[in-house]
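Note sheet for the following structure.
Values in this text are rule-based calculations from the coordinates and carry no lab data. Worth saying up front: this structure is predicted, and the values here are computed from it rather than measured. Here the Cβ is made from the backbone with ideal geometry for all residues, glycine too, and neighbour counts use every protein chain on show.
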Amino acid sequence: MSKVKNLIVGCGFSGATLARKIVQERKEKVVIIDIKDHIAGNCYDYRDNNGICIHKYGTHIFHTNLKPVWDFVSRFTKWYPYQHKVKGLVGGQLVPIPFNLNSLHQVFPKSLANEIELCLLEKFGFNKKVPILELRKTNDKDLTFLAEYIYQKIFLEYTLKQWGMKPEDMDPAVSGRVPIYISRDDRYFQDKYQGIPIEGYTGLVLKMLDHPNIEIKLSTVFSKEMEYERLFYSGPIDEFFEYKLGELPYRSIKLDFLEFPYSKFQEAAVINYPCNYDFTRIGEYKWFLNNKSDKTVVSYEYPEEFKIGKNERYYPIVKEESQTLYNKYLELAKGTPNIYFLGRLGDYKYYDMDKAVERAFNLFEEI
Ligand code: UDP
């Protein structure tokens, strides 16, 4: 490969956003490579032979309150106005997750639920979101009872399966992603902008990369021999430095896809199984774009440890030790000119898709 002006490693949301910004606003050329044989990173999706759009790496729902991000991605897709709802198997029933006032009234007898609801409204107020680790700190008897119930039935075992750790041993932001919601709104997200790209995430990213000054090279491993003026690396930062300070830990997921010969498998797009089974949740794909078929496809998610060469990186493990190691890599990066890291793997951050786009915007402003 001859010397390129901008080499971007990784064709996910991060790399694709940056590529588009560079060609469009700086009028420079970009070569974007990916080790995978497809674009869109872990957001990659495809239509199966039943016409159902399958998310190869598990269910993805785009949601954001960031108008600039929404406006940008909306240039490359139209949206199916999907609003995500999740249920969890709690005490033998399927109840709305995040746990909300509807869940409360489903799991407890009326008088008890009413009493707890009043306490919640008095202590926090209507429409407030309370992370489980916060709710556990209250000393009111009803709220302590509720906190223990939710902790045991929704968070503890799910988190042990997902991370191999208890919620309190992790960054509070992780369990805080799914707070108790003092509301009757059963949606998983309340963001202003939500949806599924009509042509899928792959279609969206393909449009983003569809520009005469962007060259895409798939199934291409980054090598130090490649010549560039600037490198933007959205792969794993530890891998870039040949693990010289040690490996950054990640969680992975094994997805078991199953097809059933009937039109619907479950009563929500995603059902969580916090306390039962070894999997954490089951996603049913036809919900996202309302695909019609007399068959249905679901995925069972089995979290597992990430091991190089065995599986894919899904989630950085946000803990003090790993953050310290990441910071050391960042120091190394500072001594390496014209190299910028971004994305879940490059920044070692649990970004949602919108935050990955925002990060790429911010990096673009820096260069
Ligand atoms: N979580 C949980 N029980 C649930 C849902 C979530 O314990 O029913 C915790 C768990 O630790 C999980 C975190 O909340 O990793 C964040 O959940 P989210 O659904 O945001 O995870 P993602 O969709 O990113 O995998």
Is it the case that residue 138 is closer than 22 Å to residue 106 by Cα and away from the ligand (no atom under 16 Å from the Cβ)?
no
With respect to residue 182, is the statement that it is touching a Gly at 6+ places or on another chain (Cβ under 8 Å) and crowded, with 18+ Cβ neighbours inside 10 Å true?
yes
Which ones in segment 186-217 are farther than 30 Å from residue 34 by Cα and within 16 Å of the ligand (Cβ to nearest atom)?
186, 187, 188, 189, 190, 191
Those residues that are among the hydroxyl-bearing types (Ser, Thr, Tyr) and over 19 Å from the mean Cα position of the chain (by Cα), I need them from segment 2-14; list them, please.
2
Only residues in segment 308-326 that are more than 19 Å from residue 40 (Cβ to Cβ) count as the first member; pair them with residues that are of a type in the set (A, V, I, L, M, F, W, C) and away from the ligand (no atom under 16 Å from the Cβ), Cβ under 9 angstrom, at least 6 apart or cross-chain, and list the lot.
316/248; 317/248; 322/248; 325/245; 325/248; 326/237; 326/248
Return the residue satisfying two criteria in turn: it lies in segment 252-278 and is touching a residue at least 60 places away in the same chain (Cβ under 8 Å) and among the aromatic types (Phe, Trp, Tyr), and of such residues it is farthest from residue 59 (Cα to Cα).
273
Name the single residue, out of those in segment 330-360 being small (Gly, Ala, Ser) and either assigned to a helix (DSSP H, G or I) or in contact with a His (Cβ under 9 Å, 6 or more places away or on another chain) (or both), that is farthest from the ligand (Cβ to nearest atom).
333
From the list 183, 175, exactly one residue is in contact with a Leu (Cβ under 7 Å, 6 or more places away or on another chain), within 11 Å of the ligand (Cβ to nearest atom) and touching a residue at least 12 places away in the same chain (Cβ under 8 Å). Which is it?
175
Which strands (runs of 3 or more DSSP E) does segment 15-126 wholly contain that include 2 or more residues that are within 16 Å of the ligand (Cβ to nearest atom) and within 19 Å of the chain's Cα centre (by Cα)?
62-64, 86-90
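Quick grid of which residues meet (1) at positive phi; (2) of a type in the set (D, E, K, R); (3) over 24 Å from the mean Cα position of the chain (by Cα):
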site	(1), (2), (3)
141	no, yes, yes
144	no, no, yes
150	no, no, no
155	no, no, no
198	no, no, no
201	no, no, no
211	no, no, yes
Index of the failed condition, residue 191 passing every other in (1) among the charged types (D, E, K, R); (2) farther than 30 Å from residue 127 by Cβ; (3) surrounded by 15 or more Cβ atoms within 10 Å (Cβ to Cβ)
(2)
Where residues in segment 148-164 are closer than 17 Å to residue 86 by Cα and of a type in the set (A, V, I, L, M), which of them is nearest to the ligand (Cβ to nearest atom)?
154
Name the residues in segment 94-133 that are farther than 16 Å from residue 183 by Cα and in contact (Cβ under 8 Å) with a residue 24 or more places away in the chain, would you?
94, 133
Here is a check on your reading of the model: is residue 286 in contact with a strand residue (DSSP E or B) (Cβ under 8 Å, 6 or more places away or on another chain) and more than 16 Å from the ligand (Cβ to nearest atom)?
yes
